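For reference, the structure is listed below as structure tokens.
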Amino acid sequence: MGSLSINNGNNEIHSNGFNGKIQSGGDQAQRRSCWYEEEIEENLRWSFALNRIIHTGATQYQDIQLLDTKPFGKALVIDGKLQSAEIDEFIYHECLVHPPLLHHPSAKSVFIMGGGEGSTAREILRHNTVQKVIMCDIDEEVVEFCKSYLVVNQEAFSDPRLELIINDARAELQSRAEKYDVIVGDLADPLEGGPCYKLYTKSFYECIVKPKLSQNGVFVTQAGPAGIFSHTEVFSCIYNTLKQVFKYVVPYSAHIPSYADTWGWVMASDSELMLKTEEFDLRVKQRMTGENRFLDGTTFLSASTLSKAVRNSLDSETHVYTEGGARFIYGHGKLN
């Protein structure tokens, strides 16, 4: 759970999952230093300074905070876990969205599971092949909050190609008759007690996601920390689980500074996922508006070339993600 620490007195603060202590600091106290701290592991914490706390509150499903941080700009925190930061969210969202859309011959319809902040929709809508995007998020309060505060995504929310649905993604996807060229899992991390871990299971991928993909359809999901030590939390078993369901599965990763770790994604399809660097770049030029800040063909080649240690670990992974055999990243979601 994230916490706040403010240096300008001797009182304590407790607010919606934030626990911090206000401490005196002589002359430094006059500058009022406010810090955010997130417990990444039991013996490891990540901390950075804040300009101010823009919002802190709770919805039916999640605790939510919006912080103005000194190193990373505005940062969205849900259930004590930093979800995205203004300065580097482009890394996460370009990696999540563009590989599956560019590997598809011509993606016209896309279904987003989650994605409430709107950044995933923003990146998808840069593709001129896309005619329809369904964004399904369970938490209306988070979506409305992000509409109000995250101005960078306001244009995406007003795009006529985007249809916003407030519902459980599993139920919504299952109930729809149509199929989609790309399905994107922009879900919260699988936290114990959180709302999303059931959407990382073999039964979900096999019985709900795969039947809703059109011919040549591609599925992609964020897959948690993928660092040299952290990848065994959920990244390796999400990869192995998708291997049980799809013929072709591609794991890839990139460092995200505000996460203090390397992050992972997994792309899967029953059609071959092979795109040469030159063809990747050509499709970017032909299909996309604007300029990518992070991703091109060479970068994706690098991202999908995992280290020897991580490759060996993925190759030897045997665990399959099920509701009864779920793995979680460190931390706890909001218990209802």
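The values are calculated or read from the model by the stated rules, or taken from the named source; none is laboratory data. Because the structure is predicted, anything quoted here is derived from the model rather than measured. So basically every Cβ, Gly included, is an ideal-geometry build from the backbone, and we count neighbours across all protein chains shown. When the accessible area is computed, the model is the full protein with side chains, heavy atoms only, and any ligands, DNA or RNA have been set aside. Shrake-Rupley method; radii C 1.70, N 1.55, O 1.52, S 1.80 Å.
Some notes on this structure:
- Extreme residue, surrounded by the fewest Cβ atoms within 10 Å (Cβ to Cβ), among residues of the range 37-78 that are assigned to a strand (DSSP E or B) and β-branched (V, I, T): I54
- Residues being open to solvent by 50 Å² or more (accessible area, probe 1.4 Å) and outside any helix (DSSP H, G or I) - total across the range 157-172: 8
- Flag if T298 is more than 30 Å from Y61 (Cα to Cα), out of contact with any Leu (no Cβ under 7 Å at 6 or more places or on another chain), among the β-branched types (V, I, T) and in the same structural domain as L102 (by the TED database): yes
- When the range 251-267 is limited to residues that are touching a residue at least 60 places away in the same chain (Cβ under 8 Å) and aliphatic (A, V, I, L, M), the one that is farthest from E206 (Cα to Cα) turns out to be A260.
- Test: residue in the range 131-151 that is touching a helix residue (DSSP H, G or I) at 6+ places or on another chain (Cβ under 6 Å), touching a residue at least 24 places away in the same chain (Cβ under 8 Å), surrounded by fewer than 20 Cβ atoms within 10 Å (Cβ to Cβ) and not small (G, A, S): yes
- Neighbours by Cβ (under 7 Å, 6+ apart or cross-chain): first from the range 276-296, on the phi > 0 side of the Ramachandran plot; second at pLDDT below 95 and among the acidic types (D, E): none
- Residues of the range 137-156 that are farther than 24 Å from T289 by Cα and not in a helix (DSSP H, G or I): D137, I138, D139.
- Matching residues, the range 303-316, being open to solvent by 30 Å² or more (accessible area, probe 1.4 Å) and under 16 Å from I228 (Cβ atoms): T305, S307, K308, A309, R311, N312, D315, S316
- Among (1) hydroxyl-bearing (S, T, Y); (2) open to solvent by less than 30 Å² (accessible area, probe 1.4 Å); (3) not assigned by the TED database to the domain that holds K132, the one test that S258 misses: (3)
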